[in-house]
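The values are calculated or read from the model by the stated rules, or taken from the named source; none is laboratory data. Just so you know, these numbers come straight off a predicted model, no measurement behind them. Note: ideal-geometry Cβ built from the backbone for every residue, glycine included; neighbour counts use all protein chains shown.
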Amino acid sequence: MYSLVQKFHSGWAYLVLLLLFVAAINAFIGYTSKKEFTQKDRKIALFALIATHLQLVIGLILYFVSPVGSSSLGQMKDASLRLTSLEHPLVNIIAIVLITIGWSKHKKAATSEAKFKSISWFYAIGLVLVLSRIPWNLWL
């Protein structure tokens, strides 16, 4: 089961990164070009939000079934164990919280400019955080 969940988590990450990138760029273009926020823009941001939340659920399952997950928390001197058992989960949870805040703020915004602004900033910061804590040596 561990191997299957790990492969799915790694494969799904490509889709998450793509959707976050597309949503952030789409919102940035909409914000800078002062266009109207449409259903297409909402769906792009929503798909990115759903994909990141699903990745979180898969990651939490993986964390608790993994031999490297929570059992490695006492070994903080080893950089790769610290990355996979503490930094990667913690920073990605923070990134997903920021993405969720961006989605919530866009729903409360009255103007298209404010909607695009909240999505572009929060999704972009979330994307940068996710990219910063990917265990590249295990992933590629």
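Annotations
- Of all the residues in the stretch 94-138, those that are in contact (Cβ under 8 Å) with a residue 40 or more places away in the chain and basic (Lys, Arg) number 3.
Conditions (1) charged (D, E, K, R); (2) over 17 Å from Phe37 (Cβ atoms), marked per residue:
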{"residue": "Ser80", "(1), (2)": "no, yes"}
{"residue": "Val97", "(1), (2)": "no, yes"}
{"residue": "Ser104", "(1), (2)": "no, no"}
{"residue": "Ala110", "(1), (2)": "no, no"}
{"residue": "Glu113", "(1), (2)": "yes, no"}
{"residue": "Ser120", "(1), (2)": "no, no"}
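- Residue match in the stretch 68-85 (condition: touching a residue at least 60 places away in the same chain (Cβ under 8 Å) and surrounded by 14 or more Cβ atoms within 10 Å (Cβ to Cβ)): no
- Some residue of the stretch 85-98 being in a helix (DSSP H, G or I), among the small types (Gly, Ala, Ser), closer than 17 Å to Gln55 by Cβ and within 11 Å of the chain's Cα centre (by Cα): yes
- Enumeration of residues in the stretch 90-140 that are among the charged types (D, E, K, R) and within 23 Å of Ser80 (Cβ to Cβ): Arg133
- Counted residues, the stretch 2-53 - those being in a loop (DSSP other than H, G, I, E, B) and touching a helix residue (DSSP H, G or I) at 6+ places or on another chain (Cβ under 6 Å): 2
- Taking each residue of the stretch 11-34 that is at positive phi and looking for partners that are among the polar types (S, T, N, Q) and part of a helix (DSSP H, G or I) with beta-carbon atoms closer than 9 Å, six or more apart or interchain, yields Lys34/Ser112.
- Selection status of Ala114, farther than 20 Å from Ala13 by Cβ, modelled with pLDDT of 95 or more and in a loop (DSSP other than H, G, I, E, B): no
- Residue check, Ile25 among the β-branched types (Val, Ile, Thr) and more than 17 Å from Arg133 (Cα to Cα): yes
- Index of the failed condition, Val91 passing every other in (1) closer than 17 Å to Ile134 by Cα; (2) at pLDDT 95 or above; (3) surrounded by 19 or more Cβ atoms within 10 Å (Cβ to Cβ): (3)
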